[in-house]
Amino acid sequence: MEDERDHDTISSSLASLSKQLAGTKLEGSADIPVVDLSVSDEYFLVHEVVKASEEWGIFQVVNHGIPEELMRQLQVVGKQFFDLPEAEKEMVAKEGDFEGYKRKYLGGINHWDEHLFHRLSPPSMINYKYWPKNPPQYREVTEEYTKHMKRLTEKILGWLSEGLGLPREALTQSIGGDTAEYVLRVNCYPPNQDLGLVLGAAAHSDMGAITLLIPNEVPGLQASKDEQWFDLNYINSAVVVIIADQLMRMTNGRFKNVFHRAKTDKERLRISWPVFVAPRVDMSVGPLPELTGDENPPKFETLVYNDYIDQKLKGWALEDLPVY
Ligand code: OGA
Ligand code: NI
């Protein structure tokens, strides 16, 4: 039964993928690019991910090699955690730093969510006290997912580096290689009946280097391009790749740090699992010297990543946007 259902969803997602690839505009959907990673022509892949990063700053990847079963398990343990009584969720509550569980229902156009935030990597930075003990499989599933997230991130950064004419490891190294920070945020947006525009996440760009996100089956993610909002037409089991501020800064503006937001659904609970990949906090990040010169002077200041975070959070506080 389970298998059949999987099979159906796979074939319907392939149908929707081939429609998109053929350039047929699905009603009400956007052309947020889709990149099929099973293509053996690496030159083509490099071209596709670079083009998507330049034009949109957001794309979906399919046939990425992460087992579907593992993605389902991550979704199950996340949902089980949010289904727990409040007192149990509070066992991993935030204590001052960004890690931990928090409820934040501001209403209006502001944040309407509860979330769980914790580091995944490097191992030396993990605080297991913020990882739920319940459900008991949470840790094992999340550790396995982390391995895949690292592998996929480094592959994508490798293609992006090559597309910029740099050695394959360049972008991974410029965020610290194995010391780069991977942080998971599980966003839980309960249904909202409000007639006004209620956003689970207000419009923002992510502050790290790159984000890899999977949602549950409820749509809601929107990306901005040419001052318009586009719905993400999520393909079952795809991974959504979001170019964040530091890749935009390192490429001297060539890649777009896409502005995006998340709507809540009127009836259904929406959950999403972004993994934020960011430079180690003590690294200096700015336009890469190989990508700048007399013809293309640096457009951004080189900053220690920690100072960048401070500046961004100050800006968010002033604008009354969500502070993560
Ligand atoms: C985020 C984010 C979007 C979503 O947490 O940074 O952009 O779909 N989330 O929940
Ligand atoms: Ni985001």
Show the residue pairs meeting these rules: Cβ distance below 6 Å; 6+ apart or different chains; first residue within the range 39-57 and loosely packed, with under 15 Cβ neighbours inside 10 Å; second residue in a helix (DSSP H, G or I).
39/45
Where a residue in the range 77-96 is modelled with pLDDT of 95 or more and its partner, wherever it lies, is in a loop (DSSP other than H, G, I, E, B), with Cβ under 6 Å and at least six apart
77/135; 77/137; 80/135; 81/132; 92/132
Step by step: first the residues of the range 259-272, then only those that are crowded, with 23+ Cβ neighbours inside 10 Å and within 12 Å of ligand 2 (Cβ to nearest atom), then the one that is nearest to residue 208 (Cα to Cα). Which residue is that?
260
I need a count of the residues in the range 202-215 that are small (Gly, Ala, Ser) and either within 9 Å of ligand 1 (Cβ to nearest atom) or assigned to a loop (DSSP other than H, G, I, E, B) (or both).
3
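Listed here are the residues, each with its yes/no results for (1) within 16 Å of ligand 1 (Cβ to nearest atom); (2) surrounded by fewer than 16 Cβ atoms within 10 Å (Cβ to Cβ); (3) farther than 30 Å from residue 146 by Cα.
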{"residue": "253", "(1), (2), (3)": "no, no, no"}
{"residue": "257", "(1), (2), (3)": "yes, no, no"}
{"residue": "276", "(1), (2), (3)": "yes, no, no"}
{"residue": "296", "(1), (2), (3)": "no, yes, yes"}
{"residue": "301", "(1), (2), (3)": "no, yes, yes"}
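Residues are listed down the side, and each one gets a yes or a no for (1) farther than 19 Å from residue 247 by Cβ; (2) within 16 Å of ligand 1 (Cβ to nearest atom); (3) hydroxyl-bearing (Ser, Thr, Tyr):
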{"position": "134", "(1), (2), (3)": "yes, no, no"}
{"position": "152", "(1), (2), (3)": "no, no, no"}
{"position": "198", "(1), (2), (3)": "yes, yes, no"}
{"position": "217", "(1), (2), (3)": "yes, yes, no"}
If only one of 209, 170, 203, 180 is touching a strand residue (DSSP E or B) at 6+ places or on another chain (Cβ under 9 Å), surrounded by fewer than 23 Cβ atoms within 10 Å (Cβ to Cβ) and among the small types (Gly, Ala, Ser), which one is it?
203
Consider only pairs whose beta carbons are under 9 Å apart and that are at least six residues apart or on different chains; among these, list those whose first residue lies in the range 205-225 and is under 21 Å from residue 55 (Cβ atoms) and whose second residue is among the hydroxyl-bearing types (Ser, Thr, Tyr) and within 9 Å of ligand 1 (Cβ to nearest atom).
213/272; 221/272
Give just the number: which of (1) on the phi > 0 side of the Ramachandran plot; (2) within 11 Å of ligand 2 (Cβ to nearest atom); (3) charged (D, E, K, R) does residue 227 not satisfy?
(2)
Complete set of residues in the range 273-302 that are in contact (Cβ under 8 Å) with a residue 40 or more places away in the chain, in contact with a helix residue (DSSP H, G or I) (Cβ under 9 Å, 6 or more places away or on another chain) and outside any loop (DSSP other than H, G, I, E, B):
273, 275, 277, 278, 285, 290, 291
Out of the range 185-196, which residues are in contact with a helix residue (DSSP H, G or I) (Cβ under 7 Å, 6 or more places away or on another chain) and either more than 25 Å from residue 116 (Cβ to Cβ) or aliphatic (A, V, I, L, M) (or both)?
186
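The values are calculated or read from the model by the stated rules, or taken from the named source; none is laboratory data. Since the model is a prediction, treat every value here as computed from it, not as a measurement. Cβ sites come from the backbone with ideal geometry, for glycine too, and all protein chains shown count toward neighbours.
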